[in-house]
Amino acid sequence: MSLINRYLSRSAAQWGISPNAARWLFWAPVVVSVLLPILRLDKRIWRAVLREDGPIEWATAMLFAVAFVAGLGAALALFKSRRRWEAALYLAFALVMFFCAGEEISWGQRILGFETPDALREINRQDEFTLHNIGQSLDVFKFLMFVGGGIGAAAYLANQRLRIQRFWADGEYLIIPPFFVASAFFLMFAFRLFRYIFFPNYQYTLTTYGEWIEFAFAYGFGVFAILVYRYVTAPRQVVVEAPVQVRTT
């Protein structure tokens with residue numbers, strides 16, 4: 001536990017937040033993940049919280065939307081700083097977050113009330129206006145979440161040895177999530193690994209519980225994107241050297 005606290009304090013100092021805030025950001029998704037199954041004792045409450053278009057799903061979409069806005073803002077700031085390829089990287093990130101937000105709520109289909117096109121209804125598992133339920137695409141998305149969760153969870157610790165900042169200025173800020181959000185990414189990695197090994201097929205409780213895991217995943221991206229935006233838009237201190245005075249005799 002002391003090692004975790006050490007990494008949390010170090011990561012907090014790097015990103016300019018308090019150690020207490022870092023601990024809250026790290027432990028909150030873990031604690032909720034442990035306590036949430038208690039709601040399963042009442043199926044009505046469980047379904048109300050984790051159902052389609054429920055509070056968790058909409059909160060997940062909102063976090064992906066926050067990550068989209070922050071990522072887009074970071075891309076614009078990097079472009080203005082003439083860091084074009086890094087700007088392109090964050091533009092791509094923002095577009096992925098936008099896609100995730102839209103897919104999470106079926107692009108607002110149930111809110112706006114538009115019908116699923118016939119051609120899409122025939123190939124979509126849930127008769128929705130989404131891409132992730134077409135054919136085997138859901139399996140691909142699950143695998144990508146598994147890989148993304150593993151990378152996000154391990155990146156900070158791996159960089160303690162790799163030290164990417166030696167080769168890429170600001171690399172430790174632009175592509176390495178802080179340690180205090182590693183728990184959110186680890187939850188996705190561990191959940192998907194558990195499903196792959198023990199419950200690869202549909203299981204109601206685990207499938208609905210996965211809505212919370214997706215929220216934690218979006219939470220990790222949302223916090224990271226906000227921090228990156230704050231970093232790339234922060235004014236840089238310019239050190240001005242005092243003129244050297246030459247004494248004449």
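The values are calculated or read from the model by the stated rules, or taken from the named source; none is laboratory data. These numbers come from a predicted model, not from an experiment. All Cβ positions, even for glycine, are placed from backbone atoms using ideal geometry, and neighbour counts span all protein chains on display.
For the reader, a short list of remarks on this structure follows.
- Matching residues, region 56-111, being farther than 30 Å from W46 by Cα, surrounded by fewer than 22 Cβ atoms within 10 Å (Cβ to Cβ) and under 17 Å from the mean Cα position of the chain (by Cα): V69, L72, G73, L89, L91, A92, A94, L95
- Among the numbered conditions (1) modelled with pLDDT under 95; (2) out of contact with any helix residue (DSSP H, G or I) (no Cβ under 8 Å at 6 or more places or on another chain), the only one that I164 does not meet is (2).
- L157 being farther than 30 Å from R82 by Cβ and at pLDDT 95 or above: yes
- Residue match in region 49-56 (condition: part of a helix (DSSP H, G or I), of a type in the set (D, E) and either closer than 20 Å to Y204 by Cα or at pLDDT 95 or above (or both)): no
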